[in-house]
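Everything below concerns the one structure shown next.
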Amino acid sequence: MEQSLTKDISIVIPLFNESASLTELYQKIIEVITPLNVEYEIIFVDDGSTDDSFQVLKKIYAQNPLKIKIIQFRKNYGKSAALSVGFKMALGKIIITMDADLQDDPYEIPNFLNAIKEGYDLVSGWKYKRYDPISKTIPSKFFNYVTSITTGIEIHDFNCGFKAYKKEVTDQISVYGELHRYLPVLAYWHGYKVGEIKIKHFARKFGYSKFGIDRFLHGFFDLLTVLFLVRYTKRPLHFFGIWGFILVTIGVAINGYLGYLRLVYGSIMGKIPLLSFAVLVIIVGIQFISLGLLGEMIANITQPKDEYSIKEIVGDKIS
Ligand code: UDP
Ligand code: MG
């Protein structure tokens, strides 16, 4: 069979120490995707596994070398890194990501494809009945709620590993650190249409979860990062400047009041702590403004590629 440079579908699977699940996962995917009659590829990104995941993957590869790609990291860089490299390698017009631990059901793949056909650019899975320990599900509900109200995106399960993307989305957004949790936010911010479908979810059969309770702390820092990136990357002074301005104004007002006391009553005895406070907020305020200006300089120097998302260009025949 000939190999084309584009595919209809790429399935990208990040994995870290999941050797026990991989064969079954592969078989299920093949069962689902073969009847669809599409050109597909499956990209496994082995995120520095220390078990025999890579050996298992090589056996799977030998069964179907025209459809499978394996990328092995030298060390464990994290899920965002694995996704980022998977996205770069993917040739599909539609890219589906899923976890390797069999918690996601490959039988949902056609439903994701249908949602993309309906016009969504990114479709996120919603594990509406979730089989994870309560220590994970409750904080996760809270986290999703906060993300939804702060970003204005009406989906329920931002961090779900099972998602489908049009190629232009994965080409545009860059995933680093642990920002994979916020891919829908980054896509939405660029004007892509983000949707959601309910999916079946299973308890983990093999191995253990790679994300502990610290995910929520990291998650909130990442939410701050994303909110800041989305709103203020191009105009950091608008963020820092306003706070700096407020602080300086408070400090100057207090000092004005103290100056008035000094002039009228001849003394500011007993008001020294207030004076210190006023001086402090002025200094902090000036620092905020300076930070904002530094931010502006950085934003000016670093011009990321593809920063504006162009949906279509009409009229390229002009000569
Ligand atoms: N994963 C990864 N690199 C990591 C941690 C996790 O590629 O450093 C993969 C993992 O193998 C799985 C997916 O990311 O395929 C989701 O991880 P996990 O199942 O541990 O998360 P949970 O389901 O508990 O949210
Ligand atoms: Mg899992």
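Pick from the range 10-30 the residues that are of a type in the set (S, T, N, Q) and out of contact with any Asp or Glu (no Cβ under 8 Å at 6 or more places or on another chain): which of them is farthest from residue 108 (Cα to Cα)? Checking each candidate, the answer is 23. Every listed requirement among (1) open to solvent by less than 10 Å² (accessible area, probe 1.4 Å); (2) part of a helix (DSSP H, G or I) is met by residue 165 save one, (2).
Checking each residue of the range 283-297 against the condition of being at pLDDT below 95 and among the β-branched types (Val, Ile, Thr) gives no match. One residue is enough: does the range 97-109 have a residue meeting the conditions within 16 Å of ligand 2 (Cβ to nearest atom), among the β-branched types (Val, Ile, Thr) and either touching a residue at least 12 places away in the same chain (Cβ under 8 Å) or open to solvent by 50 Å² or more (accessible area, probe 1.4 Å) (or both)? Yes, some residue in the range 97-109 is within 16 Å of ligand 2 (Cβ to nearest atom), among the β-branched types (Val, Ile, Thr) and either touching a residue at least 12 places away in the same chain (Cβ under 8 Å) or open to solvent by 50 Å² or more (accessible area, probe 1.4 Å) (or both). State yes or no: is residue 219 out of contact with any His (no Cβ under 6 Å at 6 or more places or on another chain), surrounded by 14 or more Cβ atoms within 10 Å (Cβ to Cβ) and not in a loop (DSSP other than H, G, I, E, B)? Against the criterion (out of contact with any His (no Cβ under 6 Å at 6 or more places or on another chain), surrounded by 14 or more Cβ atoms within 10 Å (Cβ to Cβ) and not in a loop (DSSP other than H, G, I, E, B)), residue 219 qualifies.
Within the range 45-67, being open to solvent by less than 40 Å² (accessible area, probe 1.4 Å) and among the charged types (D, E, K, R) holds for 46, 47, 67.
Mind telling me which of the residues 274, 294, 263 ends up being surrounded by 10 or more Cβ atoms within 10 Å (Cβ to Cβ) and either over 22 Å from residue 239 (Cα atoms) or more than 27 Å from the chain's Cα centre (by Cα) (or both)? Before the answer, list the steps.
Working: 294 fails: either over 22 Å from residue 239 (Cα atoms) or more than 27 Å from the chain's Cα centre (by Cα) (or both); 263 fails: surrounded by 10 or more Cβ atoms within 10 Å (Cβ to Cβ).
Matching residue, one of 274, 294, 263: 274.
Of the candidates 42, 70, the single residue that is in contact with a strand residue (DSSP E or B) (Cβ under 7 Å, 6 or more places away or on another chain) and crowded, with 18+ Cβ neighbours inside 10 Å is 42.
How many residues does the range 73-96 contain that are more than 14 Å from ligand 1 (Cβ to nearest atom) and open to solvent by less than 10 Å² (accessible area, probe 1.4 Å)? Here the count works out to 3.
Suppose the filter is modelled with pLDDT under 90 and of a type outside the set (Lys, Arg); does residue 105 pass it?
Details: modelled with pLDDT under 90: no; of a type outside the set (Lys, Arg): yes.
Considered against the rule, which asks whether it is modelled with pLDDT under 90 and of a type outside the set (Lys, Arg), residue 105 comes out as no.
The single condition from (1) away from ligand 2 (no atom under 16 Å from the Cβ); (2) open to solvent by 60 Å² or more (accessible area, probe 1.4 Å); (3) in contact with an Asp or Glu (Cβ under 8 Å, 6 or more places away or on another chain) that residue 196 fails is (2).
Sort out which residues of the range 204-214 are part of a loop (DSSP other than H, G, I, E, B) and either of a type in the set (Ser, Thr, Tyr) or more than 10 Å from ligand 1 (Cβ to nearest atom) (or both), and write them in order of number. Result: 205, 206, 208, 209, 213.
Residues of the range 114-127 include none that is among the polar types (S, T, N, Q), in a loop (DSSP other than H, G, I, E, B) and buried (at least 17 other Cβ atoms within 10 Å of the Cβ).
Looking only at the range 200-228, count how many residues are more than 13 Å from ligand 2 (Cβ to nearest atom) and either touching a residue at least 40 places away in the same chain (Cβ under 8 Å) or touching a Lys or Arg at 6+ places or on another chain (Cβ under 9 Å) (or both). Even if it seems obvious, please write down each step before you answer.
As a first pass, look at the range 200-228 and keep what is more than 13 Å from ligand 2 (Cβ to nearest atom): 200, 213-214, 216-228.
Now drop any that are not either touching a residue at least 40 places away in the same chain (Cβ under 8 Å) or touching a Lys or Arg at 6+ places or on another chain (Cβ under 9 Å) (or both), which leaves 200, 213, 216, 218-220, 222-223, 225-227.
Residues in the range 200-228 being more than 13 Å from ligand 2 (Cβ to nearest atom) and either touching a residue at least 40 places away in the same chain (Cβ under 8 Å) or touching a Lys or Arg at 6+ places or on another chain (Cβ under 9 Å) (or both): 11 in total.
The criterion of being hydroxyl-bearing (Ser, Thr, Tyr), within 29 Å of residue 133 (Cα to Cα), touching a residue at least 24 places away in the same chain (Cβ under 8 Å) and away from ligand 1 (no atom under 14 Å from the Cβ) does not hold for residue 176.
The values are calculated or read from the model by the stated rules, or taken from the named source; none is laboratory data. All of these numbers come straight from a predicted model, not from anything done at the bench. Note: ideal-geometry Cβ built from the backbone for every residue, glycine included; neighbour counts use all protein chains shown. Surface areas here come from the heavy atoms of the whole protein model, side chains and all, with no ligands, DNA or RNA. Shrake-Rupley method; radii C 1.70, N 1.55, O 1.52, S 1.80 Å.
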